[in-house]
Amino acid sequence: MSDHAADHRHHDHGHHHHDDHNDHDHDDHDGHHHHAFDWLMGVRIAFVALCAVAVHFQWPDANPPLLMIGDQVFLPFSWWALAGIVIGGWPLLEEAWESILRRKMTMELSMGIAILAAAYTGYFFVALIITFFVLVAEVLEGMTLERGRRAIRNLLELLPRQVSVRRNGQIAEVDSSTLRPGDIVLVAPGALIPVDGRVIGGSSHVDESRITGESMPIEKLVDDHVYAGSINRSGALEIDARSIGKDTSYGRIIETIEQAERSRAPIQHLSDRLAAYIVYVALAFAVLEYWISKGDVNSTISVIVVAGACGVAAGTPLAILGAIGRAARLGAIVKGGAHLETLGVVDTVVLDKTGTLTFGKPEVVAIHPADGIEEGDLLAAATMAELRSEHPLGKAVIGLAQARGITIAEPETFSYTAGRGIAAVSQGERVLVGNRDWLLENSVSVQAGELPRGSTPIHVSRGGRYLGSISVADTVRPEAARAVSALREMGIRTVLLTGDTAEVADAVAAQLGIADVRSRLLPEQKLEHIKTLVASNAAVAMVGDGVNDTLALAAANVGVAMGSGTAVAREQADIVLLGNDLERFVETVALARRTRRVIWFNFAGTVVIDAIGILLVMTGFVGPVLAVMIHTGSELAFILNSARLLPMGKKPAHAHEERNIAAAPSAQPAE
Ligand SMILES: Nc1ncnc2c1ncn2[C@@H]1O[C@H](COP(=O)(O)OP(=O)(O)OP(=O)(O)O)[C@@H](O)[C@H]1O
Ligand SMILES: [Zn+2]
């Protein structure tokens, strides 16, 4: 397996101090912990252990010589200690020195001071033991962090590496990195589609849930578009590749996660500060201990050494990384640790209706032509105006027209007012399609008519004359009720905001048990409502899908877009659901809360253990060897606590398909 990604990231870390936004004290500390196990490190650790043993048994020389410079006698001297500290502890000393150059207090610097102080005063064994434990902890912590990044990488490496292409009339297996737009890619049934492109041969049903959120397989025929990362279910496909790798829709999802991984959540800054603070406090207590014990080097060093901080410094990013990876497996793309952090404190969830609580696939349930108007006239005007519409209501009208085989005229001009409706011109006449207010605003009077229960009327006029209305009804998603009640159990308030009529909104709210409903809202009114909530100190998550939700999504503390949502909504949102399952969103909220708990547990635990450790040292119960064990043992425990959030073991939502894919010989050739 290529370690390219790891190298790249490590490289980033190695140069942390060159970029400006890294104004914290501890980044090199956690940066240094990013090594995977490497042999050099293993040899170093063994060598330090050997040196410690040699020093302990005073081998080969029972009486260490004194260091002489000229005829001045300095301190007892041991080649073993010198070799162990300098060769073994080199990485540590190097970082300590860097910290001095940068005038930053880091854990490496304080440990370096402790080691050198121990060695200087002749406590060679202590110096070597500290070196040993610090190195071991770095390796173990580095491995845990590496596991975290690998978990994310595995998630991202779902696209096939080997791809069948037709070149010069011959079929060849090529590495996906050599693909070019314009290549003809062959995809076997059961395999993942490796590129975005156009079908030029074959037909199949394709599961696009990972990209568009559509859970039902979609039939793909010649000329249809397919997306990388979707699963070819039934037939063989021949695809003209349009975009490859990072340029595909799937590639952009991946990029989002990678960016999220690099961005720093406020809580990470907080943990960096806390870690730096712990180092300072330990040093202060060391000075105090030196004074109280009247210069006892052993206990002074123990105070410095006992206080570990990597549990917060490295544990926090690991927890966030793990949670972002786990959320992705749940089907929620979190665009940054900060959003995860906010989601963990959300107490109000605002839900849009159409497309969020309902399927957003409404159907025409009744047609009511006005007096003296032909049904065909009404439909012709409505379909012409809705032809370019992306709104679910418009699609319902177009769907009906197609089902009836009505020829749809192209509008000459088309304009859409979100939350209102459409104005289009055809054959010199202005056609209005939208809600009652939209027609009234344009001085068309609307006849009241009988409506089927729970349906939304779409009113139509042409040339200032009212033509009638088309009633459209949507179905509530079955999982929405479960999601809303799960949110209630978590103590989260739900609010329904919709542009639809009060009648429809109230019916949906009643069905789901949402008490707080606002209907007939314009996009700006949705925005106002969110602003009011935020101003009242609520932590608000807004879940929406439409163009009419984008303002509200931006104003909420966390904006969440449905997988089937419009591109603008998905662009604007902080969290994008890959599917449309609101229960996945609820699980993501629970995950965010758990992440918060893990991080704060690490904070509190680190402070408590460090405090107890310092107390035990100062009361004489703990010496330097036990002190360094407390330091490394406790921080390792907290890092492992964070590691529990990593998406390990549990298979992704699509596990069954992936197993099938792995089983299909042509899909995943031997690696
Ligand atoms: N393309 C359209 N064709 C017909 N009517 C429309 C169209 N777009 C909007 N409308 C009218 O404006 C109203 C508000 O639309 P808007 O998109 O803000 O909300 P919605 O889709 O009804 O519900 P939600 O706010 O829950 O997504 C609709 O209920 C409909 O009456
Ligand atoms: Zn440490």
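Taking 37 °C and 0.692 mPa s as the conditions, I'd like the Stokes-Einstein D for the stretch 363-473 in µm²/s, using the Kirkwood hydrodynamic radius from alpha carbon pairs. Taking Rh from Cα pairs, D becomes 244 µm²/s.
For the Cα atoms of the chain, what angle does the longest principal axis make with the long axis of helix 502-512, in degrees from 0 to 90, nearest 10? Relative to the chain, helix 502-512 is tipped by roughly 50 degrees. When a/c reaches 1.5 or more, the comparison of a/b and b/c decides; with that in mind, is the stretch 162-255 rounded, prolate or oblate per its Cα gyration tensor? It comes out oblate by the Cα gyration axes. The mean sequence separation of alpha-carbon pairs under 8 Å and at least six residues apart, normalised by the residue count of the chain, gives a relative contact order of 16 percent.
Rounded to the nearest 500, the 222 nm mean residue ellipticity of the chain from helices alone is -15500 deg cm²/dmol, with -39,500 (n - 2.57) taken per DSSP H run of at least 4 residues. Our coupling estimate for the stretch 289-299, obtained by passing each phi through the Karplus curve with A = 6.51, B = -1.76, C = 1.60 and θ = phi - 60°, is 5, 4, 6, 4, 7, 6, x, 7, 5, 4, 6 Hz, Gly and Pro reported as x. Taking a Cβ cut-off of under 9 Å around Val206, the surrounding Lys, Arg, Asp and Glu residues balance to a net charge of -2, with basic ones at +1 and acidic ones at -1.
Size of the dipole of the chain about the Cα centre, Lys and Arg at +1 and Asp and Glu at -1 on the beta carbon, nothing else charged, in debye to 20?
860
Summing Cβ point charges (Lys, Arg +1; Asp, Glu -1) relative to the Cα centre of the stretch 93-223 gives a dipole of roughly 160 debye. Our note on the geometry: Cα centres of the stretch 578-644 and the stretch 299-333, 7 Å apart.
Each value in this text was obtained by applying a stated rule to the coordinates, not by laboratory testing. The structure displayed is predicted, hence computed values, not measured ones. Virtual Cβ from ideal backbone geometry, glycine too; neighbours counted across all protein chains shown.
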